[in-house]
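Peer 1: Below is a structure I'd like to ask you about.
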Amino acid sequence: MGFAFTVNGEAKRVEAPETATLLDVLRNHLGLMGTRYGCGLEQCGTCMVLVDGQPAYACTREVGTVADRKVTTIEGLGTPAKPHPLQQAFLDEQAGQCGYCLSGIVMSAKALLDRNPKPSRSDIVAALDRHLCRCGAHQRILRAVERAAQAMSSGRPA
């Protein structure tokens, strides 16, 4: 069965069973490898993407539920030459060690900053609570989101 939806601003049509996971379609049908498989149980947040601007687990979400909707993955934020302020802040703060979880964390942080451009530390902690980082980079991750918020609200690069 075919589904049409927008991914990172581009209209896409994929042929996949409606019960295929969004994660499978993103990675194996569209070649978007930035969204990663972690637990498959909505417990780690590694697979987080935005669906109509809201964080959503791609590992369990059936692709049929995103028909005619907008999906944003980490590839839709910035480029190596011109990273999104969040991506730049994560680089500047050295907020990742292995980096496996970071695409999901950045996507949740993006949703937070879109709805609350000046979040408190507790707002950031709450927004990222669904994410598991085993490297212990939590404090640097929080600083990176704070740095991005400051940069985005002032209009300057992170």
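Peer 1: Does residue 45 satisfy the condition of being loosely packed, with under 15 Cβ neighbours inside 10 Å, within 23 Å of residue 5 (Cβ to Cβ), of a type in the set (Gly, Ala, Ser) and assigned by TED's automatic domain parsing to the domain that holds residue 10? Working first, answer last.
Peer 2: Details: loosely packed, with under 15 Cβ neighbours inside 10 Å: no; within 23 Å of residue 5 (Cβ to Cβ): yes; of a type in the set (Gly, Ala, Ser): yes; assigned by TED's automatic domain parsing to the domain that holds residue 10: yes.
Here the answer is no, as residue 45 does not meet what is asked.
Peer 1: Does residue 58 satisfy the condition of being more than 22 Å from residue 115 (Cβ to Cβ) and either surrounded by 15 or more Cβ atoms within 10 Å (Cβ to Cβ) or in contact (Cβ under 8 Å) with a residue 24 or more places away in the chain (or both)? Please lay out each step first, then the result.
Peer 2: Working: more than 22 Å from residue 115 (Cβ to Cβ): no; either surrounded by 15 or more Cβ atoms within 10 Å (Cβ to Cβ) or in contact (Cβ under 8 Å) with a residue 24 or more places away in the chain (or both): yes.
For residue 58, the condition - more than 22 Å from residue 115 (Cβ to Cβ) and either surrounded by 15 or more Cβ atoms within 10 Å (Cβ to Cβ) or in contact (Cβ under 8 Å) with a residue 24 or more places away in the chain (or both) - is not met.
Peer 1: Is there a residue being outside the structural domain of residue 43 (by TED's automatic domain parsing), closer than 26 Å to residue 39 by Cα and in contact with a strand residue (DSSP E or B) (Cβ under 9 Å, 6 or more places away or on another chain) anywhere in the range 92-99? Show your work before the answer.
Peer 2: First, the residues of the range 92-99 that are outside the structural domain of residue 43 (by TED's automatic domain parsing): 92-99.
If we keep only those that are closer than 26 Å to residue 39 by Cα as well, we get 94-99.
Imposing the further condition that a residue be in contact with a strand residue (DSSP E or B) (Cβ under 9 Å, 6 or more places away or on another chain) reduces the set to none.
Looking for residues that are outside the structural domain of residue 43 (by TED's automatic domain parsing), closer than 26 Å to residue 39 by Cα and in contact with a strand residue (DSSP E or B) (Cβ under 9 Å, 6 or more places away or on another chain), one finds none in the range 92-99, hence no.
Peer 1: What tally of residues in the range 78-103 results from selecting those that are among the aliphatic types (A, V, I, L, M) and closer than 22 Å to residue 7 by Cα?
Peer 2: In the first step, residues of the range 78-103 are kept if they are among the aliphatic types (A, V, I, L, M); the result is 81, 86, 89, 91, 95, 102.
Subset that is closer than 22 Å to residue 7 by Cα: 81, 86, 102.
Residues in the range 78-103 being among the aliphatic types (A, V, I, L, M) and closer than 22 Å to residue 7 by Cα: 3 in total.
Peer 1: Right, another one. Restricting to the range 88-124, what's the tally of residues that are without any contact (Cβ under 8 Å) to a residue 40 or more places away in the chain and within 14 Å of the chain's Cα centre (by Cα)?
Peer 2: Qualifying residue count for the region: 6.
Peer 1: Could you please give the count of residues in the range 61-72 that are surrounded by 13 or more Cβ atoms within 10 Å (Cβ to Cβ) and either acidic (Asp, Glu) or outside the structural domain of residue 26 (by TED's automatic domain parsing) (or both)?
Peer 2: So the answer is 1.
The values are calculated or read from the model by the stated rules, or taken from the named source; none is laboratory data. Because the structure is a prediction, the values reported are computed rather than measured. When we count neighbours, we look across all protein chains shown, and the Cβ atoms used for this are built from the backbone with ideal geometry, even at glycine.
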